[in-house]
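To start, the structure under review is shown below, and the notes come after it.
Just so you know, all these numbers are worked out from the coordinates, no wet-lab data involved. Everything numeric here is computed off the predicted structure, so don't read it as measured data. Positions of Cβ are generated from backbone atoms using ideal geometry, with glycine treated the same way; all protein chains shown enter the neighbour counts.
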Protein chains: 2
Amino acid sequence: MVVVSQGVPVTDRGFQFGDGLFETLAVKQGMPRLWPAHRRRIEQGLRQLRLSLKQIDWPALEETMFAEAAAQGEGSLKLVVTAGDSARGYARTAGALRWVVIRGEVAARPAEWWRNGVQLHLCETRLGSNSALAGIKHLNRLEQVLARAEWNDQTIADGLMMDSHGHPVCCTMANLFVVNGNQVSTPGLATCGVRGVMRGQILMHAELLGMTATEEQIQLEQVITADEVFVTNSLIGLWPVCRIGDRPVSVGPVTQILLELVATDALVPG
Amino acid sequence: MVVVSQGVPVTDRGFQFGDGLFETLAVKQGMPRLWPAHRRRIEQGLRQLRLSLKQIDWPALEETMFAEAAAQGEGSLKLVVTAGDSARGYARTAGALRWVVIRGEVAARPAEWWRNGVQLHLCETRLGSNSALAGIKHLNRLEQVLARAEWNDQTIADGLMMDSHGHPVCCTMANLFVVNGNQVSTPGLATCGVRGVMRGQILMHAELLGMTATEEQIQLEQVITADEVFVTNSLIGLWPVCRIGDRPVSVGPVTQILLELVATDALVPG
């Protein structure tokens, strides 16, 4: 890991309150992948958090992103944007936002996770509901941290999280999809969860393939019994799912087609 | 403001995910007030976040707190404890937690707020429910940040926040109490809100005064029509409330007695 910014002051509102956003994106052949979509999500997140887009020097930010991607070659970039500094208290002070860029290596993961599928832990930690924070990749991630702390087994790739009503929403670091016949579905994110950039790519690719792509409430039993189940994020691209908790899940052909379509923009083993 | 720790690395999990806790406490005559209660709450918070108390050098932390309080004289200390560092991803790595101490001056606020009461904004931003995070003063404070961003009027002292069912819970930076006859009540915090140190002091003092002190669900209309309403935190001690949104609220004698009882441990104007 290379840290472009060496540190932040303790007055940073990201540090004090999690008042900010982040993006994690794949770097391949020296390029930040799907950057326009990541930038759009940061912009949407800033609006939702009522932060001004004008308080960022976007040309400087983009120049840094592309320069660091070129220096990294293959791996990842993490961009963190915070509400800047304030002395104390929840009230923001006017002024520039802070952004930092952190370079990362390609994480070492078994190639068979992409071929044969991954095991998911079924998390006990639930996602609270708040439409004011839903969908964006903000810095308040204690629910994901507590969920991730539920397992130590290195053979488990991620954990499936449910909302307070017991409906599956997403994994700690990935979005969830089920395939049934000609239909690809993923849970809606009106009250919790993160609207992943790769999630958007999958919905787009599914429609281009002539499939029906929907966002809808899905019951846990529907996930278990689906024709195919897979999870996505910007670094891994897509993993088929072969097991959730102690229940086997089907891996199938639609998942493999979608994996090939997103492989150029993610860190998929060659 | 004096910053004891000049900054934190961007690998800090407080900065990355809000993975940590904080305390804000009054400093009077060079002493950190109610320190044992604040330390107990940090310990409870660490347990609830599944962080090890052994990963903190408590004698060094306490020595710093008392030294900084002595240097400050009158004002505040903010203690932030985070889950330490990790490169990327929600999984924690073994190792020491990080703690930083930040000194603050006495905030300039009108003395009549303590005498005649304060106005509260009625917040639109709701508190999400998650028992895993409820009660502790963790670093995921975006709901409070968004609520605080709802008003700019300097004559408004704080904002009253409700849960997703519309039940009043607390203010952005203070706990809520209502008085009716011989009974002092404050909302329960099983699913959201912060269990304030001053809240605990008030409940204790009310019982010592021979009153009934209860934690219970309170409807907004019950707050508006209560004999007395007040809010508390460790810095201000206690403010009577004279208005919530556009509704006047009663200020009364029980509030004044409780204010006198907590004044020695908070920054109440002389």
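Starting from the label point of A:Gln219 at 7 Å along Cα→Cβ, the same points in the other copies fall at 3.5 nm, in ascending order.
Count Lys and Arg as plus one, Asp and Glu as minus one, and take only other residues whose Cβ is under 11 Å from that of B:Arg50; the net charge is then +1.
Annotation: amide H-H contacts under 5 Å for B:Val10 (H modelled 1.01 Å from N, sequence separation of 5 or more, or interchain): A:Gly7, A:Val8. When only alpha carbons of segment B:180-270 are considered, Rg and Dmax amount to 12.7, 37 Å. Across the identical copies, the 7 Å label point of A:Leu53, projected outward along Cα→Cβ, sits 4.9 nm from its counterparts, in ascending order.
Comparing A:Gln219, A:Leu77, A:Leu122 along the charge dipole axis of the protein assembly as shown, the residue lying farthest to the positive side is A:Leu77, per the Cβ-charge model.
Separation of segment B:27-68 and segment A:83-137, taken as the distance between their Cα centroids, equals 28 angstrom.
Computed over chain A, relative contact order equals 19 percent, with contacts defined as Cα pairs under 8 Å that lie 6+ residues apart. Cross-linked pairs A:Lys54/B:Lys137; A:Lys54/A:Lys78; A:Lys54/A:Lys137: Cα-Cα separations exceed 27 Å for A:Lys54/B:Lys137.
With the cut-off at 1.5 for a/c, could you classify segment A:63-134 from its C-alpha gyration tensor as rounded, prolate or oblate? It is oblate, given that a/c is not under 1.5 and a/b is not larger than b/c.
For segment B:29-175, what is the charge dipole size about the Cα centre, in debye to the nearest 20, if Lys and Arg each add +1 at the Cβ and Asp and Glu each add -1 at the Cβ? Intermediate values should be presented prior to the final figure.
Numbers: 18 positive and 15 negative charges, 113 e Å.
Dipole size: approximately 540 debye.
Direction-averaged projected area, Cα convex hull, the protein assembly as shown: 24.4 nm², rounded to one decimal.
Which ordering of B:Ile257, A:Ile136 is given by a fewest-first count of other beta-carbon atoms within 10 Å? Write down the numbers at each step before the final one.
Values: B:Ile257 13, A:Ile136 20.
Lowest to highest Cβ neighbour count: B:Ile257, A:Ile136.
Inter-label distance, A:Thr93 to B:Asp227: 4.3 nm, where each label sits 7 Å from its Cα along the C-beta direction. Under a Cβ-only charge scheme (Lys and Arg +1, Asp and Glu -1), can you give me the dipole magnitude of chain A about the Cα centre, in debye to the nearest 20? With only Lys, Arg, Asp and Glu charged at Cβ, the dipole is about 740 debye. For the protein assembly as shown, the dipole from Cβ point charges (+1 on Lys and Arg, -1 on Asp and Glu) about the Cα centre works out to 640 debye, to the nearest 20. Taking each residue as 0.36 nm, the span from A:Glu63 to A:Thr264 lengthens on full extension beyond its C-alpha to C-alpha distance by 70.1 nm.
Taking a point 7 Å from the Cα of A:Ile257 along the Cα-to-Cβ direction, the residues of segment A:188-209 with backbone N closer than 11 Å to it are A:206-209.
Quick one: net charge of A:Ser185's neighbours, Cβ under 10 Å, K/R +1, D/E -1? Mind showing how you got there, number by number?
Details: positive: none; negative: A:Glu215, A:Glu216.
With Lys, Arg at +1 and Asp, Glu at -1, the net is -2.
With R₀ set to 60 Å, the beta-carbon distance separating B:Ala108 from A:Val106 gives a calculated FRET efficiency near 0.70.
Output needed for segment A:1-150: three equivalent-ellipsoid semi-axes, defined as square roots of 5 times the C-alpha gyration tensor eigenvalues, in descending order, whole Å. Kindly include the intermediate steps, with their values, before the conclusion.
Details: eigenvalues 141, 102, 40 Å².
Taking √(5λ) for each Cα gyration eigenvalue gives 27, 23, 14 Å.
Selection among A:Leu139, A:Gly252, B:Trp99 by position relative to the dipole of the protein assembly as shown gives B:Trp99 as farthest towards the positive end (Cβ unit charges, Cα centre). Under 18 Å between alpha carbons, and skipping anything fewer than 8 positions from A:Lys28 in its own chain: which aspartates and glutamates qualify? The reachable aspartates and glutamates, counting only those whose Cα sits under 18 Å from A:Lys28, are A:Glu62, A:Glu63, A:Glu68, A:Glu74, A:Glu105, A:Glu260, A:Asp265.
Summing +1 for each Lys or Arg and -1 for each Asp or Glu, what net charge is found among the other residues whose Cβ lies under 12 Å from the Cβ of B:Leu34?
Working: positive: B:Lys28, B:Arg33, B:Arg39, B:Arg40, B:Arg41, B:Arg199; negative: B:Glu23, B:Asp265.
Taking every Cβ under 12 Å from that of B:Leu34, the sum is +4.
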